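Comments concern the structure below.
Taken together, the values in this text are just the output of simple stated rules run on the coordinates, not laboratory data. No experiment lies behind these values; they were computed from the predicted model shown. Note that each Cβ is placed from the backbone with ideal geometry, even for glycine, and that neighbours are counted across all protein chains shown.
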Amino acid sequence: MHVYVDDNPYAVSDLPAKTLRQIAQEIRQNLPAQKRILVAIYTDGQLVPPGELDVALDSPSTKYERVDFQTAEPQILAREVLKQARALVAEVAPVCEQAGEMLSSGQTGRAMEMLGSCFAVWNQVQESMSRSVDLLGLDLSKLQIEGKKADELLSQFADQLRHVKEALENRDYVQLSDILQYELQDVAPRWQGLLDQLVQQIDKA
C-alpha cells in the first residue's frame with residue numbers, strides 16, 4: 001500500500017497496522033507549518049464521497065493499493081467555497097419565487113418539493129459561510145450591506161425562515177407565497193453582497 005500527499009510519496013510509520021483515519025491524523029500534524037488543510041481523499045484512484053468518508057477513514061490501510069490525500073491552502077479553499085455559495089444563492093432565488101407562484105395557483109405539492117430544495121440550498125450557503133468565517137477568522141463586524149451590518153442581515157434572514165416555518169405549520173399558503181415571492185427575493189442580493197465582501201477580505205489578507 002502506498003500513500004501520497006498532493007501526488008508526492010508520503011512515508012508512514014508502521015503503515016499496515018493503521019487505519020486511514022490514523023494516517024490522516026498523522027498527516028494533519030505535519031500540515032500546520034505549511035498552512036494547508038486536508039480537503040479530499042482518493043482510494044485506488046476514486047474520490048471518497050463525503051457521505052462515505054467516515055467508513056473509509058475507519059478502514060484498514062491494507063484494504064487499498066494506493067491512497068491519495070489532497071490538501072489546499074485555507075484561503076484558496078474558503079474563497080472557492082464562498083464563490084460557490086454565491087452561485088447557489090443566484091440559482092435558488094428564482095426557484096423560491098417560482099414555488100411562491102405555484103402556491104398562489106394551487107400547485108401545493110410541486111411547490112413543497114421546490115421549497116425543500118430552497119431550504120437545502122440556504123442551509124448549505126449558511127454552513128459554507130460559517131465554516132469559512134471560522135476557518136480564516138474573518139471579521140463579520142466590518143461588513144455592511146445596504147447600510148445594515150452583517151449580523152443584522154443574518155438575524156433578519158433567520159426571522160424570515162422562522163416565518164416560513166410558521167406558515168408551513170399553519171398551512172397559511174398565502175403568507176408563505178408572499179414570503180417566497182417578495183421577502184426572500186430581497187434577501188438574495190444582500191447575501192450575494194455579503195459573500196462578495198467576505199471574498200474581498202480573503203483577497204486583501
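Taking trypsin sites (Lys or Arg not before Pro) as exposed when DSSP calls them loop and at most 10 other C-beta atoms lie within 10 angstrom, the chain has its longest site-free stretch at 36-170.
Measuring max minus min along each principal axis, the C-alpha atoms of segment 2-72 give extents of 30, 27, 19 Å (largest first). With respect to the chain, whose longest principal axis is taken over its alpha-carbon atoms, helix 20-29 is tilted by about 90°. So how tilted is helix 184-204 from the main axis of the chain? Cα-based, degrees 0 to 90, rounded to 10. Here the helix axis deviates by roughly 30 degrees. Percent of C-alpha pairs per 10 Å bin in the chain, short distances first: 8, 27, 23, 21, 15, 6, 0. Over the chain, Cα pairs under 8 Å with separation of 6+ residues give a relative contact order of 22 percent. Rounded to the nearest 10 degrees, the angle from helix 74-104 to the longest Cα principal axis of the chain is 30 degrees.
The tail of the calculated P(r) for segment 92-198, taken as Cα-Cα distances beyond 19 Å, holds 44 percent of the pairs.
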